[in-house]
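Encoded as structure tokens, the structure appears first; notes follow it.
The values are calculated or read from the model by the stated rules, or taken from the named source; none is laboratory data. All figures in this text were calculated on a predicted structure; none of them were measured in a lab. With ideal geometry, Cβ positions are generated from the backbone for all residues, glycine too; neighbour counts draw on all protein chains shown. For the accessible areas, the whole protein counts, side chains as well, though only heavy atoms, and no ligand, DNA or RNA atoms are used. Shrake-Rupley method; radii C 1.70, N 1.55, O 1.52, S 1.80 Å.
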Amino acid sequence: MENKIIELDVREDIKNKLEPFQKIMGAIKDLEAGDVFILHAPFKPSPLFTVLKAKGFEHEAEEIEKKHWKVTFTKRG
């Protein structure tokens, strides 16, 4: 079975002062071991690292450019 990849860009939400936490939690709720969640954000979402680590995710953060971070979360097996 192939791993799922979900990609979500919350930069516009944050620019419009919308809290993306529920959208993020909704995106990851059905992910299983080996699945990947890619998040695009305007800053390094450090508090989210702790929350998703508790849900079994490892992460890799990369600054693409000013105000664009790409974080790849992988669900551990």
Problem set entry | Residue selected from the range 6-42 under the condition open to solvent by 90 Å² or more (accessible area, probe 1.4 Å) and among the basic types (Lys, Arg), by the criterion nearest to residue 64 (Cα to Cα) | 15
Exercise. Do you know which residues across the range 14-43 are over 16 Å from residue 72 (Cβ atoms) and part of a helix (DSSP H, G or I)?
Worked result: 14, 15, 21, 22, 23, 25, 26
Seminar exercise, completed: Subset of the range 1-13, residues assigned to a loop (DSSP other than H, G, I, E, B) and in contact with a His (Cβ under 8 Å, 6 or more places away or on another chain), comes to 10
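Has the range 51-72 got at least one residue that is in a helix (DSSP H, G or I) and loosely packed, with under 11 Cβ neighbours inside 10 Å?
yes
Go through the range 54-65 and give me each residue that's at negative phi and over 11 Å from the mean Cα position of the chain (by Cα).
Quick first cut of the range 54-65, residues at negative phi only: 54-55, 57-65.
Hits for the range 54-65 are 54, 55, 62, 63, 64, 65.
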